[in-house]
Amino acid sequence: GMVQNWIDWRGANQWEIWETPEGAPAIELELNIVLPGDIPVKMFLDRVMVTPAGQIAVVDIKSGRTPETPEQLGLYATAMELTFGEMFRPQWGYFWDARKGEHSSPHLLDSYTPEYFGEVYAEAVRGMNAGCYLAKPANGCFNWCGVRDACPAFHASR
């Protein structure tokens with residue numbers, strides 16, 4: 001049903017798959033970037049599309065939960081900027097709900113910069129190096145998290 005929702009949505013609108021400057025379609029687009037602080041990050045963008053208004057937008061397909069913030073989309077926009085140049089940085093991002101067959105409201109991605117992610121990831125690296133792994137329960141994570149049995153927040157909630 002979710003695949004049919006995608007087929008129906010694509011057929012009913014004028015959003016097109018963006019092509020990289022090299023001519024590759026931006027479907028499961030692999031990007032490897034280095035954030036400030038020499039932090040390497042590898043990611044796969046579900047889709048980069050061109051809206052009917054002609055804007056480049058990142059689209060992340062969700063078959064389950066939707067993130068609480070558009071930070072993931074901001075990281076994708078930042079990666080596109082670092083990979084292809086500022087002129088190809090998407091200003092907007094969308095979560096596409098495969099169950100409903102529709103995309104979210106647009107998320108403005110301007111506040112997510114390479115410097116922002118450099119600091120966020122550097123903080124995470126410092127925590128990992130110190131052996132500090134803080135639980136951040138959200139979105140019913142106790143129902144699907146593969147490491148919940150080792151999570152103090154899971155045990156405290158019971």
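Just so you know, in the stretch 22-37 the residues that are at positive phi and modelled with pLDDT of 95 or more include one that is surrounded by the fewest Cβ atoms within 10 Å (Cβ to Cβ), and it is 23.
Selection of first residues in the stretch 117-133 that are more than 12 Å from residue 39 (Cβ to Cβ) and of second residues that are open to solvent by 60 Å² or more (accessible area, probe 1.4 Å), restricted to Cβ pairs under 8 Å at least 6 apart or on distinct chains, gives the following pairs, ordered by first then second residue: 127/133; 127/134.
With respect to being without any contact (Cβ under 8 Å) to a residue 12 or more places away in the chain and either under 12 Å from the mean Cα position of the chain (by Cα) or on the phi > 0 side of the Ramachandran plot (or both), residue 11 falls outside the description.
Matching residues to (1) polar (S, T, N, Q); (2) on the phi > 0 side of the Ramachandran plot; (3) surrounded by fewer than 16 Cβ atoms within 10 Å (Cβ to Cβ):
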position: 87; (1), (2), (3): no, no, yes
position: 92; (1), (2), (3): no, no, no
position: 119; (1), (2), (3): no, no, yes
position: 132; (1), (2), (3): no, no, yes
position: 143; (1), (2), (3): yes, no, yes
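Any residue in the stretch 22-46 that is closer than 16 Å to residue 114 by Cβ sitting within a Cβ distance under 9 Å of a residue that is in a strand (DSSP E or B) and among the basic types (Lys, Arg)? List the pairs, counting only those 6 or more apart or interchain. From residues that are closer than 16 Å to residue 114 by Cβ, the pairs are 31/42; 32/42; 33/42.
Any residue in the stretch 79-93 that is in contact with a Lys or Arg (Cβ under 9 Å, 6 or more places away or on another chain) and not in a helix (DSSP H, G or I)? Scanning the stretch 79-93, I find no residue that is in contact with a Lys or Arg (Cβ under 9 Å, 6 or more places away or on another chain) and not in a helix (DSSP H, G or I), so the answer is no. As for the stretch 67-80, it holds no residue that is touching a residue at least 60 places away in the same chain (Cβ under 8 Å) and of a type in the set (Ser, Thr, Tyr).
The values are calculated or read from the model by the stated rules, or taken from the named source; none is laboratory data. Keep in mind that what you see is a predicted model, and the values were worked out from it rather than measured. Reconstructed Cβ throughout: ideal geometry from the backbone, glycine too, with neighbour counts over all protein chains shown. Side chains included, ligands, DNA and RNA excluded: accessible areas come from the protein's heavy atoms. Shrake-Rupley method; radii C 1.70, N 1.55, O 1.52, S 1.80 Å.
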